[in-house]
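S.K.: Here it is: the structure, laid out below.
The values are calculated or read from the model by the stated rules, or taken from the named source; none is laboratory data. None of these values were measured; they are calculated from a predicted model. FYI the Cβ positions are ideal-geometry reconstructions off the backbone, even for glycines, and counts take in every protein chain you see. Ligands, DNA and RNA are excluded from the accessible area calculation, which covers all protein heavy atoms including side chains. Shrake-Rupley method; radii C 1.70, N 1.55, O 1.52, S 1.80 Å.
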Amino acid sequence: MYSKEGFVLIFVLGLVSSSWGFLEHDSWITVELQHSLAANSESFSFRGNVTIPSLNSGLANVEQPDLSTADLDLLKKLALGNEFYRLKATVVYSNGAKAQFITSNKACRLLQAQLNDVLWVSLDPSGYVTGITVSQDTAPATVECTQEDVNKLVETQFSTDVLIRHAELAPVPDTAGFIQKVEREREARERGEVRDNRGFFAKYVSTNTLA
């Protein structure tokens, strides 16, 4: 079971392409990952690519190069400063449409997990991505990172599991059937076939609802 404690927030940046059209549910998407390694900065650099050839199967191909020494130093600085690590995900659909999402969590958690994280991709019933979040599947040893925690980092490459969550349609109430049933009961009472044992308030509400 994966812990959701690593999830902090997600912003939907909106569509960056107007070429929306019909998209089959079992289609493919690609996700370009970029991350921000500086506190309070809007600058993002390339992290890797995720290809999901089939949304139904949930299988994903993840390609992420090793981090450079400079990037590792920036990530460690974020962790020591108890800052957030931000990830931007640009989704490209098979019809050419694009959407962007930003998710973030504590950089310290990422270091404590040795750069292992989980990318959650949420889909609506039509196969469109409604959200992307990143988390760690292990609880942190401490709330804030110390120099000792930073020194324990031995990995130089992200190891990412991709999990797809499919939305389910909620049941639709049978309003028409309920109204027909009420009508039949009212007509039966008017013909004297059914004795009305309801109280005054229930009768008043039913009469005004059908009026």
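S.K.: If you roll a 1.4 Å probe over segment 29-165 with all protein chains in place, what percent of the accessible area is carbon or sulfur?
M.R.: 48
S.K.: Given R₀ = 22 Å, FRET efficiency for Q147-F46 by Cβ-Cβ distance, to 0.05?
M.R.: 0.20
S.K.: For the modelled label position 7 Å from the Cα of D137 along Cα-to-Cβ, which residues of segment 47-79 have backbone nitrogen atoms closer than 14 Å?
M.R.: Only 60 pass the distance filter.
S.K.: Sequence-distant or interchain residues sharing an amide H contact under 5 Å with R165, placed H: which?
M.R.: So R165 has HN proximity to V121, S122, L123.
S.K.: Separation between the E187 and N82 pseudo-spin-labels, each 7 Å from Cα along Cα→Cβ, expressed in nm?
M.R.: Taking the simple label geometry, E187 and N82 are separated by 7.1 nm.
S.K.: Measure out, as a whole number of angstrom, how far apart the alpha-carbon centroids of segment 147-168 and segment 59-117 sit.
M.R.: After rounding, the separation between the Cα centres reads 8 Å.
S.K.: I would also like to ask the following. Would you mind calculating the relative contact order of segment 49-136 from Cα pairs under 8 angstrom and at least 6 residues apart, reporting the percent as a whole number?
M.R.: 20 percent.
S.K.: Consider a paramagnetic label point 7 Å from the Cα of Q64 along Cα→Cβ; state which residues of segment 84-120 have an amide N under 16 Å from it.
M.R.: Backbone N within reach: 85-90, 102-120.
S.K.: Taking the Cα centre of segment 29-165 as origin and charging only Cβ (+1 Lys, Arg; -1 Asp, Glu), how large is the dipole, in debye to the nearest 20?
M.R.: 280
S.K.: A further question on this structure: What list of ³J(HN,Hα) couplings, whole Hz, do you get for segment 62-69 from phi and the Karplus terms 6.51, -1.76, 1.60, once you set θ to phi - 60° and write x for glycine and proline?
M.R.: So the Karplus estimates, Gly and Pro as x, are 10, 10, 9, x, 4, 6, 6, 4 Hz.
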